[in-house]
1. Counting other Cβ atoms within 10 Å, which GluC sites (Glu not before Pro) in the stretch 349-401 have at most 13 and lie in a DSSP loop?
2. Below 8 Å between Cα atoms, with a sequence gap of 6+, how large is the relative contact order for the stretch 84-393 in percent?
3. If we count other beta carbons within 10 Å of each Cβ, what is the order of 325, 144, 212, fewest first?
4. How much length is gained on full extension from residue 345 to residue 326, taking 0.36 nm per residue of separation minus their Cα-Cα distance?
5. Between beta-carbons, use under 10 Å as the cut-off and find the net charge around residue 262, counting Lys and Arg +1, Asp and Glu -1.
6. Pairs to check: 79/237; 163/282; 56/237; 85/171; 100/367. Give those whose C-alpha atoms are more than 21 Å from each other in this structure.
7. Highest mean first, what order results for 63-75, 354-366 on Cβ atoms within 10 Å?
8. Hey, with R₀ at 22 Å, roughly what FRET efficiency would residue 63 and residue 121 work out to, going by the Cβ-Cβ distance, to 0.05?
Amino acid sequence: MFSFLSFCDWIHRVIHTFLLKFISGYDFIFTSLSTTTDIIIPNEILTDILLRLPLKSLLKCKSVSKSWHQLISSPDFVKTHLKLKTDQLVLFPGINGKYKFCSLTPIFNKQQLAQELLLIDSPNLKVFFVGSVNGLICLCNYSRETFIWNPTIKKSKKVLYPKLGTSFYNKYGFGYDESSDDYKAVFVDYYRNSYNDNVSKMKTVISIYSLRADSWTTLYDKLQGVFLLNHSGKFVKGKIYWAASTRIGNYDVYNIISFDVADEIWGSLELPGCGEVNSKFKLGVVGSDLSVMYTCYLGTATSDVWIWKDCSVSWMKLFTIEYPRNTVLIMFSSLNFTFSIHLSKSEKGDILLSLPGLIMIFNGSTKILEHTVDVEGCNPAESYTESIVNPLIISGSGSQR
């Protein structure tokens, strides 16, 4: 009787045959390795097989035939592949366009991290990180050239930023609109009318780029009286978030400003009700949830981590971490940068806190700092998922590079 193992072996041989033969059209007919009888593979089974291949093998399959290339590049296939993809990488946005990638598990081991990091050069070595979602990374340089780049498939879309003059402050964000399968970059520019630091006296210009439309929308004076603190917003569940103040030069967080990527509507969130005089808040993420880290004052040796769970109506305190007193100066030295926290899937459940150039590992049970790892020349680590999303196809630019 035909066993399950025999069936798996047969599937393996069929896939091997796929890669060696030139196929055309959607009626895929193959000759068995052990018989002269033709084997007809329904498209549904073929698609299911391709979806479960390792990403490197899947990319090779695009070269087998024109029909395979069309199937793997189709929007439905790309979306389904994203949902099935479970391997989580960590991205270290580097300085001068150098980016490092690593799987999550080795980062918890101080000795393994250096060996596991993979270095990749971005399309332009003078760019800085704006955001990442679904395998696409948004980059920008000081000439305001923008790149939407997929390092896995080595494709990038160059976007020219509209010339609006020279602004004094710039803030950025990058997110995904699932309803229209569109990726959007958000740029917020502040223009001074005088040397007054009052935000209400400044001109605010918001530029929104749609990858699918390959065009810009410009809005004026939409965020009057609001100064976004962190350079790049955090994209969480359909919205981009920034910590905000009411005055330029004042880095005391007043609230959190959000941008709905689909509806292009601005909103705000109140901070957790735990603030005191001279308290410090820092914006970040824990896994896939929006988070803030709260410290009473700079001499405190603990910080409370709060999350905004599943778009709830209130904040939830997750845990309190403990560290040496001098560490807080590193943690809150620059509110321009956000943080990210990853939780180990092991029984110990260690906590990984990523800050600019630094990783801190906390004991999952005691929440006490165990060790630190320097990641020189890198901004805080970001979650990253490899994908076959092609920014050129979405924007209608074909196969240009």
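1. Listed in order of number, the matching sites are 376.
2. So the answer I get is 17 percent.
3. Arranged by neighbour count, lowest to highest, 325, 144, 212 become 325, 212, 144.
4. The residue 345-residue 326 span can extend by a further 3.9 nm.
5. -4
6. 163/282; 56/237; 85/171; 100/367
7. Taking the mean over residues of other Cβ atoms within 10 Å, the ranking is 354-366, 63-75.
8. Step by step, r from the Cβ atoms, then E = 0.40.
Values quoted throughout were computed directly from the atomic coordinates according to the rules given, and no laboratory measurement underlies them. Computed from a predicted structure; not experimentally measured. Ideal geometry is used to build each Cβ from the backbone, glycine not excepted, and the neighbour counts take in all protein chains shown.
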